Amino acid sequence: MALASELAQKNGAGKLGFIDPVLYQLAATPQPFPPYHDVTRGSNLFYPATQAWDYATGLGSPDAFNLARDIVAALKQ
């Protein structure tokens, strides 16, 4: 998030603030740079990992560089 915050300020997108809605928006719509690696195998002993959001892995693991670029693009809209 520090990288995304710095990139946003350098590109005139402002401060991140409460970022959760932006993160879910990025996951719900196709992005120029895929922000998450979808984890589809394994489990957390209670829930299986599946395609898209799931209880085991949530949105997946972030691709920090792509996520930062997508956050900046979303904030500039």
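The values are calculated or read from the model by the stated rules, or taken from the named source; none is laboratory data. Bear in mind that the values here come from a model prediction, so they are computed numbers and not experimental data. Ideal geometry is used to build each Cβ from the backbone, glycine not excepted, and the neighbour counts take in all protein chains shown.
A few comments on the model shown:
- The selection criterion, being free of Cβ contacts under 8 Å to residues at least 60 places away in the same chain and aromatic (Phe, Trp, Tyr), does not hold for Phe65.
- Among the residues making up the range 1-22, those that are among the small types (Gly, Ala, Ser), in a loop (DSSP other than H, G, I, E, B) and either touching a Leu at 6+ places or on another chain (Cβ under 7 Å) or within 12 Å of Arg69 (Cβ to Cβ) (or both) are Ala13, Gly14.
- So Pro35, is it under 10 Å from the mean Cα position of the chain (by Cα) and closer than 18 Å to Lys76 by Cα: yes
- Flag if Ala56 is out of contact with any helix residue (DSSP H, G or I) (no Cβ under 7 Å at 6 or more places or on another chain), outside any helix (DSSP H, G or I), surrounded by 14 or more Cβ atoms within 10 Å (Cβ to Cβ) and among the aliphatic types (A, V, I, L, M): yes
- Restricting the range 2-43 to residues that are surrounded by fewer than 13 Cβ atoms within 10 Å (Cβ to Cβ) and among the aliphatic types (A, V, I, L, M), the residue that is farthest from Trp53 (Cα to Cα) is Ala2.
- Residue count for the range 21-42, restricted to those that are touching a Ser or Thr at 6+ places or on another chain (Cβ under 9 Å) and either at pLDDT 95 or above or more than 23 Å from Asn11 (Cβ to Cβ) (or both): 5.
- Boolean, Val39 is in a helix (DSSP H, G or I) and β-branched (Val, Ile, Thr): no
- Within the range 59-77, restricting attention to residues that are loosely packed, with under 12 Cβ neighbours inside 10 Å and assigned to a loop (DSSP other than H, G, I, E, B), the residue that is modelled with the highest pLDDT is Lys76.
- Phe46 vs. criteria farther than 20 Å from Glu6 by Cβ and surrounded by fewer than 18 Cβ atoms within 10 Å (Cβ to Cβ): yes
- Criterion violated by Gln25 - all others in (1) of a type in the set (S, T, N, Q); (2) in contact (Cβ under 8 Å) with a residue 24 or more places away in the chain; (3) part of a loop (DSSP other than H, G, I, E, B) satisfied: (3)
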